[in-house]
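Taking it in order: structure first as structure tokens, then the write-up.
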Amino acid sequence: MTYCIGIRLNAGLVFLSDSRTNAGMDQISTFRKMMVYEKPGDRFMVMLSAGNLSTSQSVRELLQVEKIESHHGGDPLTIWNAPSMFDAARVLGATVRRVYAEDGEALKNAGIEFNATMIFGGQIRGEAMRMFLVYSAGNFIEATRETCYFQIGESKYGKPVLDRLITPTTPLETAAKCALVSMDSTLKSNLGVGLPLDLLVYREGQFSTDQIVCIDDRNPYFQMIHSTWGQRLREVFDGLDDPRWDGGDTQHPLRVSSNRYEPMRKITHAGEKIV
């Protein structure tokens, strides 16, 4: 299993991925799921991958050499000369389809589903930062102001904190912290996601980054996140009022007061009773 997050903000981009690919009873495997494609001063792109490991690895290697026809004529497009991140995403989509054409039938005959999903984001000189979610068919969608982050893999456990905190104006440091909390929630609930983690923060207009780190179980900051987040959640939970069961109040917090609903009917030994 996998969990990867990509966040697009006004100030930059945040990428976070785990590294667990197998978590059986007697075998745990880890592989990197983050790949950086960089041409200093011109372009900076990051790909996070989820799905079948062999498919994902083939895509990320072939992406460096894949070519597609340009809509504007001239030389074929690659990720190294694409004039926009949209065109670079088209190259990635074509690469996924190429791998499917080469391996899809053999995988199907072996009873293995062709499955690869990617988060692909970055910046090419001359345009703003962009981020895409690329599907197994090679098609993709783009992050917007209303949907400024993508998740792939085991996404449900870490989604609530992102929904509550992430907006386009969120500072990069806050978004990185939020991504780590989201990952910690997923690690807590699913053994198929595991350390080490790869975290990368890209600042708008830099076309490079020195904010990239591999986080293992000895990392003091992530240890702090893990212990403090759980403790603070318990403190907030303990501060909530307990449910009240003393009836009689028409505005009782456990009852819905609306003409759309009929009174609740409860069956007792003495017969039906309207509550």
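Values as computed for the structure displayed
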quantity	calculated
Pick from segment 34-56, criterion in a loop (DSSP other than H, G, I, E, B) and touching a Lys or Arg at 6+ places or on another chain (Cβ under 9 Å), ranking: surrounded by the most Cβ atoms within 10 Å (Cβ to Cβ)	Asp42
Segment 191-204, subset of a type in the set (A, V, I, L, M) and farther than 12 Å from Ala11 by Cβ, residue surrounded by the fewest Cβ atoms within 10 Å (Cβ to Cβ)	Leu191
Strands (runs of 3 or more DSSP E) lying entirely in segment 57-162 (those with 3 or more residues that are open to solvent by less than 50 Å² (accessible area, probe 1.4 Å) and more than 18 Å from Leu9 (Cβ to Cβ))	116-124
For Phe207: the one exception among (1) over 18 Å from the mean Cα position of the chain (by Cα); (2) surrounded by fewer than 15 Cβ atoms within 10 Å (Cβ to Cβ); (3) at pLDDT 95 or above; (4) of a type outside the set (S, T, N, Q)	(2)
Where Thr78 falls short, out of the listed (1) of a type in the set (Ser, Thr, Tyr); (2) at pLDDT below 95; (3) out of contact with any strand residue (DSSP E or B) (no Cβ under 7 Å at 6 or more places or on another chain)	(2)
Pair list, Cβ < 7 Å and 6+ apart or interchain, from segment 69-94 residues that are farther than 20 Å from Ala137 by Cα to residues that are basic (Lys, Arg)	Pro76/Lys67; Trp80/Lys39
Residues of segment 210-240 satisfying the condition of being surrounded by fewer than 13 Cβ atoms within 10 Å (Cβ to Cβ) and in a loop (DSSP other than H, G, I, E, B)	Asp210, Asp216, Asp217, Arg218, Gly239, Leu240
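The values are calculated or read from the model by the stated rules, or taken from the named source; none is laboratory data. Nothing here was measured: the structure is a model prediction, and the numbers come from that model. Cβ coordinates were reconstructed from backbone atoms using ideal geometry, including for glycine residues, and neighbour counts include every protein chain displayed. These accessible areas exclude ligands, DNA and RNA; they are computed on the full protein's heavy atoms, side chains included. Shrake-Rupley method; radii C 1.70, N 1.55, O 1.52, S 1.80 Å.
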